[in-house]
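The values are calculated or read from the model by the stated rules, or taken from the named source; none is laboratory data. Keep in mind it's a predicted model, so treat the numbers as computed, not measured. Here the Cβ is made from the backbone with ideal geometry for all residues, glycine too, and neighbour counts use every protein chain on show. Just so you know, the surface numbers come from the protein's heavy atoms only, side chains and all, with ligands and any DNA or RNA stripped out. Shrake-Rupley method; radii C 1.70, N 1.55, O 1.52, S 1.80 Å.
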Amino acid sequence: MPRVVDATRLPVDRRALLGAPPAGREFDPRPPTPTPTDHARLIAALRRLLPAVPVNLAEGPAPGIRLRVLPHSGPGGSPSAGCTACLTCVRTCPESALEMPVTGEVARLREHPARCSGCRACLAACPEGVLVVDRQLRWSDQLGADAAYPLIAVETAVCARCGARFPAAAGRHCAVCAFRIAHPFGSQLPPAADAVRRRALSREAGTDAT
């Protein structure tokens with residue numbers, strides 16, 4: 001039989017169950033410090049040894065990569081063919097090597113080469129396929145200052161439906177909301193329902209299409 005636990009005599013501290021600090025200890029509102037990745041630990045160690053690193057090693061190939069964005073690579077150069085400021089690459093990068101701050105209405109994608117481990121997760125995650133490798137980094141690139149290099153600037157607007165940012169040239173709605181507005185009942189209407197929709201549109205237009 002399953003054991004019934006008396007709620008008044010729990011075998012563990014209730015505060016521990018709720019994730020609260022032990023009694024008598026103040027709660028620390030600061031978020032926990034993230035555990036550094038292997039690449040971050042490697043860079044930190046090499047920076048400590050920087051004066052002893054030979055010049056030929058500093059100019060040798062490093063794990064990271066410099067990125068480049070292919071703007072408007074799709075047919076017709078439509079706004080959705082280039083970077084859409086969706087932040088997928090920024091959220092995917094395990095090293096926080098990418099950022100996209102917004103100033104005014106312009107979103108600027110920037111890369112921190114000193115943090116990049118060369119895992120290429122951002123390239124695989126980009127839904128538009130516009131992120132490419134520009135060149136392999138050198139150790140001098142990764143052991144230098146943690147500078148941010150601009151990749152692309154996207155003029156954005158706020159979606160009138162969901163409030164998300166998207167390329168301003170695409171209209172009033174982001175791609176997701178535009179699709180949902182065009183297909184409110186799913187990705188494709190059944191044939192009978194689509195026929196009713198077309199007849200209604202024809203009546204509104206003053207024609208009689210079947």
Scanning segment 118-128 for residues that are open to solvent by less than 30 Å² (accessible area, probe 1.4 Å) and either over 12 Å from the mean Cα position of the chain (by Cα) or among the basic types (Lys, Arg) (or both) gives Gly118
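Determine whether segment 196-207 contains at least one residue that is in a loop (DSSP other than H, G, I, E, B) and closer than 30 Å to Pro113 by Cα.
No, that holds for no residue.
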Residues in segment 59-89 that are open to solvent by 40 Å² or more (accessible area, probe 1.4 Å) and modelled with pLDDT of 85 or more total 8
Within segment 182-193, does at least one residue satisfy the condition of being in a helix (DSSP H, G or I), within 37 Å of the chain's Cα centre (by Cα) and modelled with pLDDT of 80 or more? yes
Take the conditions over 30 Å from Glu59 (Cα atoms), within 16 Å of the chain's Cα centre (by Cα) and surrounded by fewer than 17 Cβ atoms within 10 Å (Cβ to Cβ) and apply them to Pro167. Does it pass? no
Is there any pair linking a residue in segment 130-149 that is more than 14 Å from Ala44 (Cα to Cα) and at pLDDT 90 or above to one that is loosely packed, with under 13 Cβ neighbours inside 10 Å and of a type in the set (Lys, Arg), with Cβ under 7 Å and at least six apart or on different chains, and which? none
Counting only residues that are open to solvent by less than 40 Å² (accessible area, probe 1.4 Å) and without any contact (Cβ under 8 Å) to a residue 24 or more places away in the chain, segment 150-163 contains a total of 1
Starting from segment 71-91, keep only residues that are at positive phi, then list their pairs with residues that are modelled with pLDDT under 75 and of a type outside the set (Phe, Trp, Tyr) whose Cβ atoms are within a distance under 8 Å, requiring at least 6 positions of separation or different chains. His72/Ser78; His72/Pro79; His72/Ala81
Considering every residue within segment 66-74, establish whether at least one is in contact with a strand residue (DSSP E or B) (Cβ under 6 Å, 6 or more places away or on another chain) and under 21 Å from His39 (Cα atoms). yes
